[in-house]
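The values are calculated or read from the model by the stated rules, or taken from the named source; none is laboratory data. Keep in mind that this is a model prediction, so the values were computed, not measured. In this analysis, Cβ positions are derived from the backbone assuming ideal geometry, glycine residues included, and neighbour counts consider all displayed protein chains. Please note that ligands, DNA and RNA were not included when accessible areas were found on the heavy atoms of the full protein model with its side chains. Shrake-Rupley method; radii C 1.70, N 1.55, O 1.52, S 1.80 Å.
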Amino acid sequence: KLTRTEGRILIKLIYRQTGETMYELIKEYRSGWKAFWYNSSANMFRLSLKKEYKPEEEALDFIVEDILQRSFINGTLEEREPKIPIDYYELLNQYHDIDIEKELTIYIDKYLK
């Protein structure tokens, strides 16, 4: 039982670790029909199983990556190499002036209201 936000993050983290969307994985291991229906069900909760993790393009994905990197450094999480290339230090330069509160407000307005 996940919240919508937890589900959205899980979908993106699976992409980070596998390089494939949840939709592609379900299609490959179950069937295209099941992938279609699972994605249709997810859409009822404003989720998409076709979503990719793009911290270089989406500020909220960067915030998730930042949390992950800090957790790897302090030992809270065991680091696993992502399947997709991520240059965290380049991302830090790109988002050096990010307003996290503003980004979270945008996220809440877009997905949770």
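Under 29 Å between alpha carbons, and skipping anything fewer than 8 positions from LYS34 in its own chain: which lysines qualify? Here the lysines satisfying the reach criterion relative to LYS34 are LYS1, LYS12, LYS50, LYS51, LYS54, LYS83, LYS110, LYS113.
Given a 1.4 angstrom probe, I'd like the percentage of the accessible area of the chain that is carbon and sulfur, rounded to a whole number. Walk me through the numbers before you get to the answer.
Working: 4390 of 7910 Å².
That fraction is 55 percent.
Please identify which residues in region 70-89 have an amide N closer than 16 Å to a label point set 7 Å out from the Cα of TYR29, following the Cα→Cβ vector. The answer is 83. Using C-alpha pairs below 8 Å separated by at least 6 residues, the relative contact order for region 9-87 is 34 percent.
Per-residue ellipticity at 222 nm from helix content only, as computed over the chain with -39500 (n - 2.57) for each DSSP H run of at least four residues, stands at -17500 deg cm²/dmol. Computing Kirkwood radius over Cα pairs in Å for the structure here picks out one of (i) 13.5; (ii) 15.2; (iii) 14.2, namely (ii).
If R0 equals 30 Å, the separation of the Cβ atoms of GLU101 and ASN43 corresponds to a calculated FRET efficiency of about 0.55.
A 1.4 Å probe run over the protein chains yields, for the chain, 70 Å² of accessible area per residue, whole-number rounding. Rounded to the nearest 10 degrees, the inclination of helix 4-18 to the longest alpha-carbon principal axis of the chain is 80 degrees.
Please report the net charge: other residues with Cβ closer than 10 Å to the Cβ of LEU49, K and R +1, D and E -1.
+2
Extension gain, ILE108-GLU52: 0.36 nm per intervening residue step, less the Cα-Cα distance, totals 18.2 nm.
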